[in-house]
């Protein structure tokens, strides 16, 4: 019996020692720091300075004078006096439409006008002699006026048969050929005066107070990516488009050599206003559909940590982004390593970060 008591006592001592050991080990583990090590990031400093405000827009280049010439009357095309792509002068003959019937009609109406004039002059003499009634003179006068009107009408028809350039410019590609039959309204060829170009674009209605004639505009096109064209704001639409809430603008291109009507253009409008803005490196902004984020570096007694902030940005320029709100001048921001960060994440700045 005594041996059993001794064995039980030894077992209790062994179990108690084991329990005490395990408790001490867990107590040591519970007091350890298992947080991930600080993420290494690059950083920059937000700076405040004057910013010349600009507005980005896209537009379409148009000729100040550009039209699509169409047939004004029906008939067969009998002659095309120029070639596609030619440069023509104002008034130069371009296309002739069959006018044989109209020429014959004009000859007939000319003869009728001569007869009507002779009859009228005779009746004028006879009325003075009281040889005819006044009604006959009135009829002669009406016949003369009618003959003149019919001749003017056929002359207008003949003019429409002879299509000429309303202004100097460059022709496009003819859409009809000699011998083709055309109806009134059939497209024939475009004519563009490329010496005077304009660009039409629109801006949101909130910019309406800033849009004033005379503003300077920089213009780029895909055809000439290395060239910057100058333009001047010319006119502002008198009303805002209700469907888009955009305001239509037109600018004149100062030197548009090489540009063609219909080209797509990217514009930067200088609104002639400077404001104080906070700038951060362009790489400091993380763009997303939910909002643009900047990780701002803060510090407490334990070290550095980051706080994500939603910011409102303006256009990027020269590797920097202007911040409208969300970051103050002098604050440090993360410029590289954002993919490793989350709210209140601990960080350390790389030695070569430069701040």
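Taken together, the values in this text are just the output of simple stated rules run on the coordinates, not laboratory data. Everything numeric here is computed off the predicted structure, so don't read it as measured data. Cβ placement follows ideal geometry from the backbone for every residue including glycine, while neighbour counts extend to all protein chains displayed.
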Fully extended, how many nm does the chain gain between residue 74 and residue 205 (0.36 nm per residue separation, minus their Cα-Cα distance)? 42.5 nm
Difference of contour (0.36 nm per residue) and Cα-Cα distance, residue 117 to residue 130: 2.7 nm
Please work out the ratio of the alpha-carbon Rg of the chain to 2.2 N^0.38 Å and round it to two decimals. 2.10
So, R0 is 22 Å and r is the distance between the beta-carbons of residue 336 and residue 290; what FRET efficiency does that work out to, to 0.05? 0.55
Run the quick spin-label model on residue 110 and residue 240: label points 7 Å from Cα toward the beta carbon, then report their separation in nm to one decimal. 6.3 nm
Let me have the 222 nm mean residue ellipticity of the chain computed from DSSP H runs of 4+ only, each contributing -39500 (n - 2.57), with the sum over all residues rounded to the nearest 500. -8500 deg cm²/dmol
Mean Cβ neighbour count within 10 Å, used as a protection proxy, ranking 76-87, 215-226 highest first: 215-226, 76-87
Which number do you get for Rg(Cα) / (2.2 N^0.38 Å) in the stretch 59-137? 2.06
For the stretch 66-192, the spread of Cα positions along each principal axis, largest first, Å: 67, 26, 19
Rounded to the nearest 0.05, what FRET efficiency do residue 216 and residue 83 have when you use their Cβ-Cβ distance and R0 = 35 Å? 0.35
Please compute the length gained on full extension between residue 343 and residue 173, using 0.36 nm multiplied by the number of residues separating them and subtracting their Cα-Cα distance. 54.9 nm
Taking Cα atoms, the helix 2-30 axis meets the longest principal axis of the chain at an angle in degrees (rounded to 10) of 40 degrees
